[in-house]
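Written below as C-alpha cells is the structure these notes are about.
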Amino acid sequence: MIYVQDLLVQDSLLHIKWKLTGEFRDVAGYSCRWANGLIMDSVYVVAFYTNEIHLSGGPESFNRLPVMILEVFLPHDHVSWTAQKVTAEKIANENITFLEDKNNKQPANDRVD
C-alpha cells in the first residue's frame, strides 16, 4: 500500500548573534561582506554574505541575515562551507504547492514568526 499525505513541518532556527563588518571578499563571483557570529554563547562563526541575492539563507543551519550567506567558517572546529557556483532557475507557479497551516488558517509561506 502507498499512502500520500501532505505534512507541514515546523522547526526552530539556530539563533546567531551577528555583528557586521566593513570587510569584503569574492565568493562564487559575488561580492560578499564579512559578518562575525556567536552561537550557543561561545561558538565563534565567520560568514560572508551577499546583498546581490535577495533571499535569506545559507549552508547548513546558518541563517538569520536578510540576504544569502555564501561562505561560513567555524574556526574552532576547523570546518567551512563555501559556495562554488550559484544558479537560478525559473519555476512555473503551477509547480508550487502552498500548504495551509491548520492552526493559523494561513498559507505557511505567508506567516511571519
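No value in this document is a laboratory result; all are computed from the given coordinates. Worth saying up front: this structure is predicted, and the values here are computed from it rather than measured. Cβ atoms come from the backbone with ideal geometry, glycine included; neighbour counts cover every protein chain shown.
Brief remarks on what is shown
- Panel order for Leu38, Leu70, Leu13, Leu7, by other beta carbons found within 10 Å of each beta carbon, from fewest to most: Leu7, Leu13, Leu38, Leu70.
- A simple rule links phi to the HN-Hα coupling: the Karplus curve 6.51 cos²θ - 1.76 cosθ + 1.60 with θ = phi - 60°, which for region 31-37 gives 6, 10, 9, 7, 9, 9, x Hz, with x for Gly and Pro.
- A simple spin-label model places the labels of Leu7 and Glu52 3.8 nm from each other, with each point 7 Å out along Cα-to-Cβ.
- Applying the criteria of a DSSP loop state and at most 10 other Cβ atoms within 10 Å to the trypsin sites (Lys or Arg not before Pro) of region 1-100 yields Lys85, Lys90.
- For the pair Tyr44 and Leu20 in one chain, pulling the backbone fully straight at 0.36 nm per residue adds 7.3 nm over the alpha carbon distance.
- The distance from the alpha carbon centre of region 79-96 to that of region 1-59 is 14 Å, rounded to a whole number.
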